[in-house]
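The values are calculated or read from the model by the stated rules, or taken from the named source; none is laboratory data. As the structure is a prediction and not an experimental result, all values here were calculated from the model. No Cβ is skipped: glycine too gets one built from the backbone with ideal geometry, and neighbour counts run over all protein chains shown. These area figures cover heavy atoms from the full protein model, side chains too; ligands, DNA and RNA do not enter into them. Shrake-Rupley method; radii C 1.70, N 1.55, O 1.52, S 1.80 Å.
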Amino acid sequence: ARRDKDLDRLSGLPDKVLLQIISLLPLKEIVRTSILAIRWKDLFSLVSDISIDDNNVIRKSLGNGYMNIVERFLFSRKRDVGIDKFRLKCGKIVDPFRINGWIQYALGYHVKELDLTIGIKGFNELNFGVFTCKTLVILRLSMDKGSILSVPTYFRLPNLKVLHLGLMKCSDDGSVDRLFSGCISLEELHLRNCEVSNMNKLRVCNATLKKLFLSGFMGTDHEIEIITPNLVHFSYYYTGTKGFSLINLNSLSEARIYIGPYLFSTIDFSPTATALMNGISQARSLYLTLYSSKPILLTPGLVPQFPNLTYLNLEMGGCLPEWKILLANSPCLDTLVLDFEFSGSGLESHNNGRDETEKVPGCLMYKVKTIKLLSFQGKPFESQVVEYLLKNAKVLERFTVRLSGKKRLRTKISKEVRALSRVSKKCQVTII
């Protein structure tokens, strides 16, 4: 009786709520809900969020049965119910010739969000309708590394706002140009782990783009050119490139730059790294992660002025560069975050504040009110940083240190930090 009562309570929920719940189930389980009760008999045919994932198939021998279930489900749906989201993840057991048929089905029902992860080697014949769908708002496309994306001459997605491309290779520079120029309403673009070794230039030119995420390009003989006058967020995992050009990023609000391990190579990427820093110099918030042992960006002459920067988050790995150069070039800085989590050994050799004749950055004396130190372990160079900041931050109000390491050591470090003198009388020290 208790079980029937609970079932009735669930069945009494509105269709909209029930559809949201069953949309989270694997496709086979969605179909099985039809046998729960009369109330559920046709409910599965109203599902507008469809997810097909052959990873849910335990044995390859069950592949044909799974594909048949998919097609019976698709053709059992109500014809007057559109598709809001269609997700297809395959590469294990799905036959390639069925893929475009399923995609065409989604396109025929005015799909708004299309999420395709096709891990079939050499799959290049993507349904042409994907490039001309007028209802698409979000498109995520990830293909096997051996696949080549060839964008047709006629390419137009007039309502597309979000585009994700991953693990693929464009056939040539022209395909890339057509790809971005055909998205006349694009606001967010992600390019992840794409092969660019066959390209001369990766050119992102779009007047409507607001968010851009670039990471993990394979190849260093290409150039990157970005012309996005309305861009407000830029995230880039930098692993090296032959040339870099950021044009008219005056609207940039936030930049997140990750400097990868390319600096261990013998190639000199200083000019492109400098161009990258110059291109983001108008940002108001900067997250800079350095995994290199060479302070290539944070050396005098390479760091531009950051006239609008109010928030700086610097994560240091490999070595501690001359971080004060960034402060000296950021006159409006209000908040400083230093993360020591990945900092390595040999850092004591860097000058971190012992030179009494060194000029203190103006922002530190007159602007910086909040400082946070993360993953603090009390190493000699870290202690030097703390002493330097507390000694020179004259208007500091909040100083937070998040400790890491063993409990006994954390207790010792906490006492030492609290005992340090501070120039700002308003400064409140918090140890976490």
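Picking from residues in the stretch 169-213 that are among the charged types (D, E, K, R) and open to solvent by less than 50 Å² (accessible area, probe 1.4 Å), the one that is modelled with the lowest pLDDT is Asp173. Could you tell me which residue of the stretch 80-106 is least open to solvent (accessible area, probe 1.4 Å), considering only residues that are touching a strand residue (DSSP E or B) at 6+ places or on another chain (Cβ under 7 Å) and of a type outside the set (A, V, I, L, M, F, W, C)? Among them, the one singled out is Gly91. The residue list Glu29, Glu71 contains one member that is surrounded by 11 or more Cβ atoms within 10 Å (Cβ to Cβ), more than 25 Å from Leu136 (Cα to Cα) and at pLDDT 70 or above, which is Glu29. Residues in the stretch 94-114 that are within 30 Å of the chain's Cα centre (by Cα), part of a loop (DSSP other than H, G, I, E, B) and over 25 Å from Lys16 (Cα atoms): 1 in all. Take the residues in the stretch 226-251 that are hydrophobic (A, V, I, L, M, F, W, C) and touching a Leu at 6+ places or on another chain (Cβ under 6 Å), then tell me which one is modelled with the lowest pLDDT. Filtering the stretch 226-251 for residues that are hydrophobic (A, V, I, L, M, F, W, C) and touching a Leu at 6+ places or on another chain (Cβ under 6 Å), the one modelled with the lowest pLDDT comes out as Phe244. Residue count for the stretch 125-149 under the criterion of being touching a strand residue (DSSP E or B) at 6+ places or on another chain (Cβ under 8 Å) and either outside any loop (DSSP other than H, G, I, E, B) or surrounded by 15 or more Cβ atoms within 10 Å (Cβ to Cβ) (or both): the result is 15.
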